[in-house]
Amino acid sequence: MASRNTIVAHVEDRPGVLARVASLFRRRGFNIESLTVGHCEEPGLSRMTIVVDGDDHQVDQVCRQLFKLIDVVSVQDITYAPMVDRELALIKVSASNFNRREVLDMVEMFRADVVDVDADALIVQVLGDEGKVDAAVKMFEQFGILEMVRTGRVAMVRGTETTKPPAISDSQQAAAAIRAMLGRRPEGALPFASD
Amino acid sequence: MRLTGARILMECLRAEGVEVFFGYPGGVVLPLYNTLGEYPDIKHVLVRHEQAAAHAADGYARVAGRTGVCLATSGPGATNLVTGITTAYMDSVPMVVLTGNVARDLIGRDGFQEADITGITLPITKHNYLLMRASEIAPAVKEAFHIASTGRKGPVLVDIPKDVFIEEAEWDGYPQGVSLRGYPIMDVPREEEVARAAETINAAKRPIVIAGHGVVQSEAQHELVEFAERSDTPVLTTLLGISGMPEDHELSYGFLGMHGHFYANMAADRADVVIGIGMRFDDRAMGRFSDFNPTAKIVHIDIDPAEIGKNFKTHAPVNGDVKETLSRLLPQIDRNSHPEWRSEIDEIMAQHPTDYIEEGTGLGGPWLVRALAEATNGEATIVTGVGQHQMWGAQYYPYTKARQWVTSGGLGTMGYEVPAAMGAQFAQQEPIWSICGDGGFQMTSQELQTVAEHNLPVRFAIFNNGFLGMVRQWQELFYANNYHSVDLGQPDFVKLAEAYGIRGVRATTRAEAMQVFRDLEGYDGPVVIDFQLEREENVWPMVPAGAALSETIESAEDL
């Protein structure tokens, strides 16, 4: 069964690293729903949240192929982990004196914010998980959406657990940590078993 | 000490112990060529086309067991390397590829002979670098050699703009180590994975090993034999795994796949446990995936975690270096014997031998490879191109020493045979035998000049049937004899050799071929031999494209 999966990757903050990741996805025929990249708590590393379509086997391949890139320091599939995921959307909604109140009611209902006002339009900022953003977009459509941008998903595992890459200089330990990270069954003793 | 980028690069190559590299000059690498004279210990071989530089470095790497190095200028020089880089990438051959690029301020401005070679080679290199400072050269070259030659080996490209060759930087010796956080060495397998593999293998009644290029690359021939003997497991190889298992061993059953031995294909298809070692369950080896031996449990040992579970569900995955893993696995393997299973395979072999040698006096591919094997005592290093001659070379020569067999498997690059044999000859004294197709030979025959220049004792044995033989075979069998664009004509290869000052000979009968082999004994220069083959011979057995291994056919009547 195909579903949307969330992968977190830490990559070296170097020129070309995004091209490497994109090239890999294109070459292997993996389907990216969204990819966000930005700084993280460790200088020199960037953190990617990648949403991919695919079944378990495909997502497993994505992780393993991603990790083969030298600039990719760690890869974790957090689809099944308890996590918080958020997306931000800016929606330019058509709004005039006749219906501005209705638009604002809708903004309030979604606990969204108005970040720009013009005589004939508003920019609404919606923050939430994708379901909420989808719903907001659907409701604003009745007023006329002039333009829209969505950031794509960013995600973080709940609790004290992190997706931070192991800061290990010993190659053996690093290999063990990486092997523990890869694979879709975090509880299994054999993360590479696929039967 | 301050050195130019060009000198730093050469110091790095010297520190890596590079003895020979293959290159072709051009505008932006002139600063580098300007320093080559100061490094006479690093032999530069001038090829006649950049593609040949890459294939030569690849052939050298496979025979020497070391990292091959090649060099080209920017733009067309760099793009001409692409086929050679991809060939090495697909077959996991360690290679460091050096390219020049236009000066830094011209990059991205479509200057003369600019090509985005790091962009172009993203999907065909293990890693690549575009260096913007001379001070980056030493650490990058150190990393490049490290990445190319460890883990699953492969080509790494280092692109250096012209003015970076000229820029000076501090040189305080070659870096001692690398710091690559995203590239841990994964040689040592997890204990629990080894244990599970051992358990599966010990419980097997009809086990089979399929050994791949990884056995050759991690130099695990000895461990493989020990494993096979201890567990009494018949051993097959993939096309690239040939020479990883000595074929004179009683447990060796040759290679499997599209043109593998009938009995090898059947053994793989009837086994209860399939032990893949340093291989990747490629479609040409396994036939139609969905119908490959559905009841077999698969044990898969490979250095690359992404290969495990890629094409088949794996019962016992082991991520680790082949040699390292086998030596850890061995103590856990029970002494076993499978006489019934072995006699079952032996019986299939007796009934379906790969022995398509026809009576007569004319030259056929199988006969010729057998004759070559006899003439060379089965000890020659064989390099091939791609096609019928390659398959006959794989089927009929008895390989016993690792690295004795060099071929383009994954990419299937015609024209590989000439430059790869040339490069390989720099790794050994004994003459290399290059089994060439007449089609492939014509793709890269310009290298005869390089071969002549260095008086390399390569024997180019052209299996000349005037056809693009394998394509013709497919047109005959699967396109109702509708031959199109496969008749290559027959240039006079003897005269061509002589034009380069190389000894050229021709044989059209078996007697003449035997005479050629005798005449060449002790000759230490290059030779081109035009073996005129029967024109329409087919390679058997065969798994038709898209068929399963169990559907291997032995003649056109089986279709």
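Of note:
- Calculated FRET efficiency for the pair B:Val494/B:Arg335, C-beta based, R₀ 60 Å, to 0.05: 0.60
- Protein accessible surface hidden between B and A, which excludes ligands and nucleic acids, total in Å², probe 1.4 Å: 3000
- Positive-pole candidate from B:Gly37, B:Val215, B:Pro491, dipole of chain B, charges at beta carbon: B:Gly37
- For the protein assembly as shown, a Kirkwood radius taken over Cα pairs fed into Stokes-Einstein (4 °C, viscosity 1.567 mPa s) yields D = 46 µm²/s.
- Choice from A:Val75, A:Val133, A:Val103 showing the highest fluctuation, given a GNM over chain A with Cα pairs closer than 10 Å: A:Val103
- Sequence-distant aspartates and glutamates (8 or more away, or on other chains) whose Cα lies within less than 12 Å of B:Lys162: B:Asp105, B:Glu114
- Its Cα gyration tensor gives chain B an equivalent ellipsoid, and the semi-axes of that ellipsoid, as √(5λ) in whole Å with the largest first, are 39, 31, 20.
- Reachable lysines from A:Lys68, criterion Cα separation under 30 angstrom, eight or more residues apart if same chain: A:Lys164, B:Lys126, B:Lys142, B:Lys153, B:Lys297, B:Lys310, B:Lys313, B:Lys323
- Antiparallel %, DSSP beta bridges [both residues in chain B], to 5: 10
- Taking a ≥ b ≥ c as the square roots of the eigenvalues of the alpha-carbon gyration tensor, segment B:209-351 is classed rounded because a/c is under 1.5.
- Over the protein assembly as shown, DSSP H runs of length four or greater, each weighted -39,500 (n - 2.57), average out per residue to a 222 nm ellipticity of -9500 deg cm²/dmol.
- Net charge dipole size for chain A [Lys, Arg +1 and Asp, Glu -1 on Cβ; Debye, nearest 20]: 540
- Net length gained if the chain between B:Gln446 and B:Asp519 were fully extended (0.36 nm per residue, minus Cα distance): 23.7 nm
- Net charge in the neighbourhood of B:Val406 (other residues with Cβ under 11 Å of its Cβ; Lys, Arg +1, Asp, Glu -1) is -1.
- Once the Cα gyration tensor of segment B:108-221 is diagonalised, semi-axes √(5λ) in Å: 41, 18, 11
- With a cut-off of 13 Å between beta carbons, the residues surrounding A:Ala176 carry a summed charge of -3, where Lys and Arg count +1 and Asp and Glu -1.
- Whole-Å distance, taken between Cα centres, linking segment B:96-130 and segment B:416-478: 30
- Segment B:384-412 and segment B:289-351: distance between their alpha carbon centers, rounded to Å: 23
- Per residue value of the accessible surface for segment A:63-170 (all protein chains in place, 1.4 Å probe), Å²: 54
- Accessible surface area normalised per residue over segment B:284-326 is 33 Å², counting heavy atoms of protein chains with a 1.4 Å rolling probe.
- Cβ crowding within 10 Å averaged over residues, with B:229-235, B:155-161, A:170-176 ranked highest first: B:155-161, B:229-235, A:170-176
- Computed over chain A with a Gaussian network model linking Cα atoms closer than 10 Å, the most mobile of A:Asp85, A:Asp113, A:Asp105 is A:Asp105.
- ³J(HN,Hα) computed for each position of segment B:493-498 - Karplus, 6.51 cos²θ - 1.76 cosθ + 1.60, integer Hz, glycine/proline x: 5, 5, 5, 4, 4, 5
- Residue among B:Thr79, B:Ile529, B:Thr314 farthest towards the positive dipole end of chain B, charges placed on Cβ: B:Thr79
- Among beta bridges identified by DSSP and lying wholly in the protein assembly as shown, the antiparallel ones come to about 45 percent.
- For chain A, carbon and sulfur atoms together expose 52% of the accessible surface, with a 1.4 angstrom probe and every protein chain in place.
- Per-residue average of Cβ from other chains inside 10 Å of A:128-137: 0
- Gain on full stretching of the segment that runs from B:His454 to B:Asp487 - 0.36 nm per residue minus C-alpha separation: 8.6 nm
- Rg/Rh ratio calculated on Cα atoms of segment B:314-451 (Kirkwood radius): 1.06
- Take each residue of peptide B:451-463, count the partner chain Cβ atoms within 10 Å of its Cβ, and average: the result is 0.
- Taking a sphere under 15 Å around the Cβ of B:Gln176 and counting the other residues whose Cβ falls inside, with K and R at +1 and D and E at -1, yields a net charge of -3.
- Alpha-carbon centroid distance for the pair segment A:1-37 / segment A:81-133, whole angstrom: 28
- Of all lysines in the structure, the ones whose alpha carbon falls short of 24 Å from that of A:Lys92, not counting any fewer than 8 places away in one chain, are A:Lys132, A:Lys138.
- Counting every C-alpha pair in chain A, the share spaced more than 22 angstrom apart comes to 55%.
- Once exposed loop GluC sites (Glu not before Pro) are cut out (DSSP; at most 16 other Cβ, 10 Å), longest piece of chain A: A:42-160
- Using 0.36 nm per residue and subtracting the Cα-Cα separation, the extra length available between A:Asp170 and A:Asn31 on full extension is 46.6 nm.
- Most mobile listed residue (A:Arg64, A:Arg100, A:Arg86) in chain A, GNM with C-alpha springs under 10 Å: A:Arg100
- Counting only other chain Cβ atoms within 10 Å of each residue's Cβ, the peptide B:183-191 averages 6.
- Solvent-accessible area assigned to carbon and sulfur over segment B:401-559 amounts to 48 percent, based on a 1.4 Å probe.
The values are calculated or read from the model by the stated rules, or taken from the named source; none is laboratory data. Source: prediction; values computed, not measured. All Cβ positions, even for glycine, are placed from backbone atoms using ideal geometry, and neighbour counts span all protein chains on display. In case anyone asks, the SASA skips ligands and DNA or RNA and just uses the protein heavy atoms, side chains included. Shrake-Rupley method; radii C 1.70, N 1.55, O 1.52, S 1.80 Å.
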